[in-house]
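Working notes, beginning with the structure itself.
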Amino acid sequence: MPIYPILPPFMLRHIVRAGDAEERRRAQYTLARDRVIRSARMELMANIQDVVVMTPPPPKGRRGRGLRRTIYIFKPHSRRKLPGQRVRTEGRPPLGDPAVDEAYDGLGIAYRFLREVFGRHSVDDHDLPLAATVHYSSKYSNAFWNGEQMVFGDGDLKLFSRFTGSLEIIGHELTHGIMQYTAQMNYTLQAGAVHESICDVMGILLKQWSLGQTVEASDWLIGAGLLMPGINGAALRSMKAPGTAYDDPLLGADPQPGHMDDFRRMQHDNGGVHINSGIPNRAFYLTAAALGGNAWERAGKVWYNTLCDKRLRPHYGFKRFARLTLRSAAELFGEQSIEASAVREAWAQVGISSLEGG
Amino acid sequence: MRILFRTEGGFAYFPGLSAERSIDADALTDPKRRALRRLIRQARFFDLPERVGVPKRCPPDCHRYFITVIDDDDRVHTIMTAEPVADSRLASLVAYLQALDLDDDD
Ligand SMILES: [Zn+2]
């Protein structure tokens with residue numbers, strides 16, 4: 001019994017009224033299924049309107065305690081609860097399990113990066129202990145931040161390999177944590193794409209800093225090395241050239257735009273948060289490229305400063321975010337600085353201009 | 001029996017992986033069909049509420065799943081769940097459907 005793909009409900013109701021018995025049944029199934037999907041979407045839209053500014057939660061850590069990492073292994077067959085079984089704590093030697101040790105090392109590099117580059121003490125700026133669960137679920141191709149910790153899958157090993165293998169992914173997930181204690185950006189539509197982009201920016205800066213890579217030397221790829229051999233692609237996203245990261249019969253073609261002309265309106269992916277993030281990602285790359293040298297020293301400071309800026313509201317889209325990056329550049333380096341003009345020029349190149357005023 | 005399975009969200013969006021998969025149980029090999037029927041039965045799929053462990057705000061990069069089952073008596077039920085799937089039986093079904101998604105070659 002085939003079922004209709006997602007059709008507008010009025011068409012389905014018409015089929016229920018006017019179709020033959022077989023068509024009616026198909027349409028009824030489809031309506032029943034779509035009701036659940038639509039209610040999920042409506043909930044999403046309700047969240048969009050939910051822009052009351054929440055004060056960030058009070059920091060949970062205690063500053064001065066320094067770096068404290070705990071790595072857990074997920075236990076799928078006993079209790080499916082996070083975090084899982086504790087396998088490596090701060091100061092313990094490597095376990096010999098690549099996922100465990102990559103997560104442990106990655107969190108250490110990320111902690112030092114935040115501390116040395118931005119003077120930030122961990123996720124909450126109060127030395128929140130860093131926790132990660134690896135080997136999540138089985139053949140799980142994803143990584144996420146659950147509000148308290150990072151979670152990494154091993155990948156299905158057909159399309160994706162281990163998610164701990166890319167330092168920029170560790171940095172990306174950690175930044176979702178930072179956002180929770182700072183701007184609390186929404187996670188839908190343009191604000192969600194800003195949110196996603198900030199995580200990619202911090203992720204790539206972490207990778208560049210750890211490798212001592214300049215703007216020119218970096219590949220500007222998010223999830224480099226994550227795709228399995230045989231998959232036609234270099235990474236999951238390209239910040240330098242959005243839309244070019246992969247083109248594969250199984251994955252499809254990288255849909256990221258790098259300019260407002262190609263902005264995608266869609267319902268999937270919380271309104272395209274991982275797609276349209278290509279636009280602010282490229283604005284960051286262009287800023288860093290114009291300034292040259294180490295991206296974390298100037299472009300990165302501007303973006304980090306914006307992410308911590310109390311004026312950044314959860315529902316801000318590209319333009320209002322762009323304005324704040326320009327203000328940050330002006331405040332950090334001066335209104336007539338080359339940094340401020342690099343920021344202005346970069347946003348103009350992705351189709352976002354007239355940033356002064358407002 | 002037919003199963004519709006769709007994943008939303010995740011660390012990245014892949015056009016090739018975002019479409020709803022329609023799985024015709026009768027077209028599967030015997031062991032796979034039996035496994036799938038067993039997992040659906042064990043999850044008590046038709047008794048599940050429409051939302052199983054979905055928080056009001058899904059965490060960033062988190063997967064959400066939509067599963068519809070149309071059984072041989074033409075019963076149809078759709079549920080939505082989200083990672084981490086706390087119900088271990090439902091989690092097994094999700095994991096099986098995810099793995100099945102990749103088996104284009106048999
Ligand atoms: Zn993310």
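The rows are residues; the columns are (1) of a type in the set (Phe, Trp, Tyr); (2) within 30 Å of A:Arg265 (Cα to Cα); (3) in contact (Cβ under 8 Å) with a residue 60 or more places away in the chain.
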| site | (1), (2), (3) |
| --- | --- |
| A:Gly153 | no, yes, no |
| A:Leu174 | no, yes, yes |
| A:Ile178 | no, yes, yes |
| A:Asn186 | no, yes, yes |
| A:Ile198 | no, yes, yes |
| A:Gly203 | no, yes, no |
| A:Trp220 | yes, yes, yes |
| A:Leu226 | no, yes, yes |
| A:Gly230 | no, no, no |
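Restricting segment A:96-112 to residues that are under 27 Å from B:Ala95 (Cα atoms) and surrounded by fewer than 20 Cβ atoms within 10 Å (Cβ to Cβ), the residue that is farthest from the other protein chains (Cβ to nearest Cβ) is A:Gly96. Against the numbered list (1) more than 30 Å from A:His172 (Cβ to Cβ); (2) polar (S, T, N, Q); (3) touching a residue at least 60 places away in the same chain (Cβ under 8 Å), B:Gln42 comes up short only at (3).
Across segment A:186-210, the number of residues qualifying as away from the ligand (no atom under 11 Å from the Cβ) and within 12 Å of another protein chain (Cβ to nearest Cβ) comes to 2.
Yes or no: A:Thr133 within 10 Å of chain B (Cβ to nearest Cβ) and either open to solvent by 20 Å² or more (accessible area, probe 1.4 Å) or not in a helix (DSSP H, G or I) (or both)?
Numbers: within 10 Å of chain B (Cβ to nearest Cβ): yes; either open to solvent by 20 Å² or more (accessible area, probe 1.4 Å) or not in a helix (DSSP H, G or I) (or both): yes.
Taking the combined requirement at face value, the residue satisfies it.
Examine segment A:165-180 for a residue that is part of a loop (DSSP other than H, G, I, E, B) and within 10 Å of the ligand (Cβ to nearest atom), and state whether such a residue exists. Write out each step before concluding.
Narrowing segment A:165-180 to residues part of a loop (DSSP other than H, G, I, E, B): A:166.
Checking the rest, the ones that are also within 10 Å of the ligand (Cβ to nearest atom) come to none.
No, segment A:165-180 contains no residue that is part of a loop (DSSP other than H, G, I, E, B) and within 10 Å of the ligand (Cβ to nearest atom).
Give the residues of segment A:265-311 that are open to solvent by 10 Å² or more (accessible area, probe 1.4 Å), within 23 Å of A:Pro56 (Cβ to Cβ) and more than 12 Å from chain B (Cβ to nearest Cβ), sorted by residue number. Within segment A:265-311, A:Lys301, A:Tyr304, A:Asn305, A:Cys308, A:Asp309, A:Lys310, A:Arg311 meet the criteria.
Which of the residues spanning segment A:297-353 are acidic (Asp, Glu) and closer than 25 Å to A:Phe113 by Cβ?
A:Glu297, A:Asp309, A:Glu331, A:Glu339, listed by residue number.
Listed conditions (1) assigned to a loop (DSSP other than H, G, I, E, B); (2) open to solvent by 30 Å² or more (accessible area, probe 1.4 Å) are all met by A:Pro242, apart from (2).
The values are calculated or read from the model by the stated rules, or taken from the named source; none is laboratory data. Predicted, not measured: the structure shown is a model, and the values here were computed from it. Note that each Cβ is placed from the backbone with ideal geometry, even for glycine, and that neighbours are counted across all protein chains shown. Ligands, DNA and RNA are excluded from the accessible area calculation, which covers all protein heavy atoms including side chains. Shrake-Rupley method; radii C 1.70, N 1.55, O 1.52, S 1.80 Å.
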